[in-house]
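I have placed the structure first, in the form of structure tokens, so that the comments after it can refer back to it.
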Amino acid sequence: MFSDADVAALYDLLNPWNPGRRSDARFYFPLVMAAESVLDVGCGTGAMLKLAREHGHRGRLVGLDPDCAALDRARLRADVEWTEGAAADAGNGASFELATMTGHAFQNLLTDDDLRTSLNAIHGGLRRGGRFAFETRHPQARAWEGWTSSNPDDVVDLVDEAGRALRYWHDVDSVVGDIVTIRGTVAQPDGTVLRVLSESLRFLDVATLNAFLVEAGFDIDAQYGDWERGPITDDSREIITIACRR
């Protein structure tokens, strides 16, 4: 049995939020620490906000996520507000200085309606001049082509919190337009499958992404092609965006 709680714990092992070792964490963490109020949309297990509190953030920190098991893990820290809900629930009349959407969670917004509803809600959750920082994989890099069990770089062996030796890998099920559907497989080292996790991701190009942002009432403050704040080029693998509420 590999439960939803096990999946949430595995996520933390596979994605440790460490600004000293991860370039995306180094990018976001100063933004979070400098903002007096932060809404983390798709917060998962809450690692970023928990670390901010540990490092002395004294303002309002709110994590929003639809995954109950992830939120159960996040709620082990009680001095951050944790709310069950999707990006479309982000508004609620709040007035945050910063909204974030890390871990490529933005790519889980699959339809035009999802994008419009979610961006309008995030816009509504920000004060005037508030910023929305997020990233999405640049489609030109075709990252999904490396997500396969035949790629040794995509197969991870680890020991989980329960002491179980595990193996984790991805495979692509389909590519339809700008939607890529993948399977994440959790198995024992001998290949015995314990859990299969399905996910669909949308890959937007820069022009399409920016059109949705402008329509929702954002100005593009900055966009980068890498975590060192380099420009978007023909080789960029990321579209890292800081948008400002008009």
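Look at segment 54-67 and say how many of its residues are more than 16 Å from the chain's Cα centre (by Cα) and not small (Gly, Ala, Ser).
Going through segment 54-67 one residue at a time, the tally reaches 6.
Can you tell me which condition Gly177 does not meet? The list is (1) farther than 21 Å from Gly42 by Cα; (2) crowded, with 16+ Cβ neighbours inside 10 Å; (3) without any contact (Cβ under 8 Å) to a residue 24 or more places away in the chain, and all the others hold.
Single failed check for Gly177: (2).
For segment 113-142, give me each residue that is assigned to a loop (DSSP other than H, G, I, E, B) and surrounded by 21 or more Cβ atoms within 10 Å (Cβ to Cβ).
Within segment 113-142, His138 is the sole residue that qualifies.
Collect the residues in segment 218-246 that are small (Gly, Ala, Ser) and either without any contact (Cβ under 8 Å) to a residue 40 or more places away in the chain or crowded, with 20+ Cβ neighbours inside 10 Å (or both), keeping them in residue-number order.
Listed by number, the residues that qualify are Ala222, Gly225, Gly230, Ala243.
Looking at segment 79-97, which of the residues that are open to solvent by less than 60 Å² (accessible area, probe 1.4 Å) and in contact with a helix residue (DSSP H, G or I) (Cβ under 6 Å, 6 or more places away or on another chain) is farthest from Asp114 (Cα to Cα)?
If we take residues in segment 79-97 being open to solvent by less than 60 Å² (accessible area, probe 1.4 Å) and in contact with a helix residue (DSSP H, G or I) (Cβ under 6 Å, 6 or more places away or on another chain), then Val80 is farthest from Asp114 (Cα to Cα).
Can you pull out every residue in segment 42-78 that is open to solvent by 70 Å² or more (accessible area, probe 1.4 Å) and free of Cβ contacts under 8 Å to residues at least 40 places away in the same chain?
Glu54, His55, Arg58, Arg60, Pro66, Arg75, Leu76, Ala78
Could you list, in sequence order, the residues of segment 143-154 that are without any contact (Cβ under 8 Å) to a residue 24 or more places away in the chain and open to solvent by less than 30 Å² (accessible area, probe 1.4 Å)?
Answer for segment 143-154, where residues must be without any contact (Cβ under 8 Å) to a residue 24 or more places away in the chain and open to solvent by less than 30 Å² (accessible area, probe 1.4 Å): Gly146, Asp154.
Starting from segment 97-110, take each residue that is part of a loop (DSSP other than H, G, I, E, B) and list its partners that are surrounded by fewer than 20 Cβ atoms within 10 Å (Cβ to Cβ) and of a type in the set (Asp, Glu), counting only C-beta distances under 7 angstrom and pairs at least six apart or across chains.
Taking only residues 6 or more apart or on different chains, the pairs are Thr102/Asp24.
Which condition from (1) surrounded by 15 or more Cβ atoms within 10 Å (Cβ to Cβ); (2) in contact with a Leu (Cβ under 8 Å, 6 or more places away or on another chain); (3) hydrophobic (A, V, I, L, M, F, W, C); (4) under 30 Å from Val186 (Cα atoms) is the one that Leu158 breaks?
Exception for Leu158: condition (1).
The values are calculated or read from the model by the stated rules, or taken from the named source; none is laboratory data. Source: prediction; values computed, not measured. Methodologically, a virtual Cβ is constructed for each residue, glycine included, from the backbone with ideal geometry; neighbour enumeration extends over all protein chains shown. Heads up: the accessible areas ignore ligands, DNA and RNA and are worked out on the full protein's heavy atoms, side chains in. Shrake-Rupley method; radii C 1.70, N 1.55, O 1.52, S 1.80 Å.
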